[in-house]
1. What is the distance in Å between the Cα centroid of the stretch 131-169 and that of the stretch 42-66?
2. In sequence order, what are the phi-derived ³J(HN,Hα) couplings for the stretch 188-201 according to the Karplus relation 6.51 cos²θ - 1.76 cosθ + 1.60 with θ = phi - 60°, rounded to whole Hz, with x for glycine and proline?
3. Please turn the phi angles of the stretch 60-77 into ³J(HN,Hα) values with the Karplus equation 6.51 cos²θ - 1.76 cosθ + 1.60 (θ = phi - 60°), one per residue in order, whole Hz, x for glycine and proline.
4. Per-residue counts of other Cβ atoms within 10 Å, averaged by peptide: what ranking do you get for 214-221, 49-56, 255-262, 18-25, highest first?
5. L253's amide H: which non-local residues (gap 5+, or another chain) put their own amide H closer than 5 Å, with H modeled 1.01 Å from N in plane and none for Pro or chain starts?
6. Might you list the cysteines of the chain that have no disulfide-compatible partner by the rule of another cysteine's Cβ under 4.7 Å?
7. Quick one: in the stretch 79-211, what % of C-alpha pairs are over 24 Å apart?
8. Among [x] 27, 25, 17; [y] 30, 24, 22; [z] 35, 22, 20, only one was calculated for this model; which label is it, if the read-out is semi-axes √(5λ) of the Cα gyration tensor in Å?
Amino acid sequence: MTKPVFRFAPSPNGRLHLGHAYSALLNADFAGRFGGRFLLRIEDIDITRCRPDFEAAIHEDLAWLGLQWEIPVRRQSEHFADYRAAFLKLKGRGVVYPCFCTRRDIVQAVARREQESGRDWPRDPDGAPLYPGTCREVPAAEAERRIAAGEPQAWRLDSAAAQKLRPGPHAFRRFDRDGREETVAADPWRWGDAVIVRKETPSSYHLSVVVDDALQGVTHVVRGQDLEAATDLHVLLQALLDLPTPLYHHHGLVLDPTGDKLAKSRQSPALSELRADGVTPQAIRRRLGF
């Protein structure tokens, strides 16, 4: 019988904090409970923000917590060819298109439509305005000319074309700490024409994560509730790319005293700072319920 496979997949764009520690420990705990494997993956497609010293610190922090993982560790920056192949498959199926819009272009287009309609423009689950489709109808010849001229472009999912190809209904299986499972309906269309390949990198989080999980044989994805809505889009990409859909568990977030989730951008206390203050790994584990 194949062992279940779990993974902890941080980005080396800052120091790990207690929220990361909880997710890593929970993945390792699940792997132990289910007799599975525990992987570490470095999600460093954002080569402008990810740094080698942060990556080294991830290894140091996790080892300090007492975690062990399989070697070698997959680093996304070494596998852009895999994401390119997946993108070309989507392109060949006619479910992506190039988008030349800047953030300002999108803001202005949404503002115009809100003014014309007198209504708020719909938002995606993260609260960002859905893409208004400005580049969706750009003729292929014009798009090719602009790309050949070196104009920066992202690639977006053509949700209408995707819905024709994989109409659904879409769903995934959710599991809890006792191994109980249930089916959860997925609504990928609420993401609209999401970015699948970014302008500055040859992939996106959404594309690379589904490709990595499939190539690594990940069977159980354990991550925070803040990524639960993204699972709907990931389920669709898995269907479009003929990839398996893992089981999912979206855990609660570790919050700061004000009730906000811990985040690198808010300078939440790093594990390295807690370690320097004399906090022990055992204390961290007890504080997080392990």
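FYI, it's all coordinate maths here, none of it is from the lab. Everything quoted here is computed from the prediction, not taken from an experiment. Cβ sites come from the backbone with ideal geometry, for glycine too, and all protein chains shown count toward neighbours.
1. 34 Å
2. Along the stretch 188-201, the couplings run x, 5, 5, 8, x, 8, 5, 6, 9, 10, 7, 5, 8, 9 Hz.
3. Listing the rounded values in order: 5, 5, 5, 5, 4, 6, x, 8, 10, 9, 6, 10, x, 8, 7, 10, 4, 5 Hz.
4. Sorting 214-221, 49-56, 255-262, 18-25 by mean packing, highest first, produces 18-25, 214-221, 49-56, 255-262.
5. HN-HN under 5 Å from L253: Q225.
6. C50, C101
7. Roughly 38 percent, once rounded to a whole number.
8. [z]
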